[in-house]
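Reading through the structure tokens given below for one structure.
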Amino acid sequence: MSVTIDLDNACPEHWTPDINQLRQWLAPVFDLTAVDQNITLSVCFVGESDGAELNRRYRGKQMATNVLSFPANIPSPLVEEMAQTPLGDIVICPPVLEREAAEQGKEAAAHWAHLTQHGLLHLLGYSHDNDQDTAIMENLEISALRKLGIANPYLIG
């Protein structure tokens, strides 16, 4: 399996991880979910105004959020023709993420890792639309973060 990450930083005034850091955070999710094909995904960092616009347009919410995921939704016959499976886009808003980490008493890097993994799990088809799906997704997040030496984020803050 190989993972290609396209990175776009539209928020250079904030600290953001590089591709190597993203790979380190995403690897445990790929391991736990047994992804075995060649993958490509996009990670984009946006400011609050762009984050708010995306959240309004695609979720009907009037504020920026920490992470959004946009699955590729490419028809299976077309994906079968491709050398890499496009998963979609993860959009992270660093100002919101930083504020949340401070408010919740979380280490910023740990919150970054968690939200990056959360976005990937959405691209892989996981959701938190009901209690059962939430439990599955949160358990995967907890396990993936544990592999990085990061504590359960649901017990902090």
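The values are calculated or read from the model by the stated rules, or taken from the named source; none is laboratory data. This is a predicted model, so every value here is computed, not measured. Here Cβ is always computed from backbone atoms with ideal geometry, including for glycine, and neighbour counts include all displayed protein chains.
For the reader, a short list of remarks on this structure follows.
- Filtered residues of region 51-72 (kept if within 27 Å of Gln84 (Cβ to Cβ) and either aromatic (Phe, Trp, Tyr) or loosely packed, with under 12 Cβ neighbours inside 10 Å (or both)): Tyr58, Phe70
- Filtered residues of region 1-12 (kept if touching a helix residue (DSSP H, G or I) at 6+ places or on another chain (Cβ under 8 Å) and not in a loop (DSSP other than H, G, I, E, B)): Val3, Ile5, Leu7
Residue-by-condition table, conditions (1) surrounded by 12 or more Cβ atoms within 10 Å (Cβ to Cβ); (2) not β-branched (Val, Ile, Thr):
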| position | (1), (2) |
| --- | --- |
| Leu120 | yes, yes |
| Ala135 | no, yes |
| Leu140 | yes, yes |
| Leu145 | yes, yes |
| Ile156 | yes, no |
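- Residues that are touching a residue at least 24 places away in the same chain (Cβ under 8 Å) and under 20 Å from Glu98 (Cβ atoms), drawn from region 3-12: Leu7, Asp8, Asn9, Ala10, Cys11
- For Ile39: the one exception among (1) modelled with pLDDT under 95; (2) touching a helix residue (DSSP H, G or I) at 6+ places or on another chain (Cβ under 7 Å); (3) under 28 Å from Ile150 (Cβ atoms): (2)
- Considering residues of region 110-142 that are of a type outside the set (Asp, Glu) and free of Cβ contacts under 8 Å to residues at least 12 places away in the same chain only, the residue nearest to Leu87 (Cα to Cα): Ser127
- Looking across region 71-101, just one residue is without any contact (Cβ under 8 Å) to a residue 12 or more places away in the chain, hydrophobic (A, V, I, L, M, F, W, C) and within 17 Å of Gly51 (Cβ to Cβ), and that is Ala101.
- Residue count, region 13-49 (criterion: loosely packed, with under 13 Cβ neighbours inside 10 Å, charged (D, E, K, R) and over 22 Å from Tyr126 (Cα atoms)): 2
- Condition met for Leu97 (over 23 Å from Gln62 (Cβ atoms) and of a type in the set (A, V, I, L, M)): no
- Filtering region 13-55 to residues that are assigned to a loop (DSSP other than H, G, I, E, B) and free of Cβ contacts under 8 Å to residues at least 60 places away in the same chain leaves Glu13, Asp18, Ala34, Asp36, Gln37, Asn38, Val46, Gly47.
- Among all positions in region 75-88, there is at least one residue which is assigned to a strand (DSSP E or B), at positive phi and in contact with a helix residue (DSSP H, G or I) (Cβ under 9 Å, 6 or more places away or on another chain).
- Residue list for region 56-70, restricted to those being in contact (Cβ under 8 Å) with a residue 12 or more places away in the chain and either closer than 18 Å to Gln117 by Cβ or charged (D, E, K, R) (or both): Thr65, Asn66, Val67, Leu68, Ser69, Phe70
- Conditions (1) more than 15 Å from the chain's Cα centre (by Cα); (2) assigned to a helix (DSSP H, G or I); (3) in contact (Cβ under 8 Å) with a residue 40 or more places away in the chain; number of the one not met by Leu145: (1)
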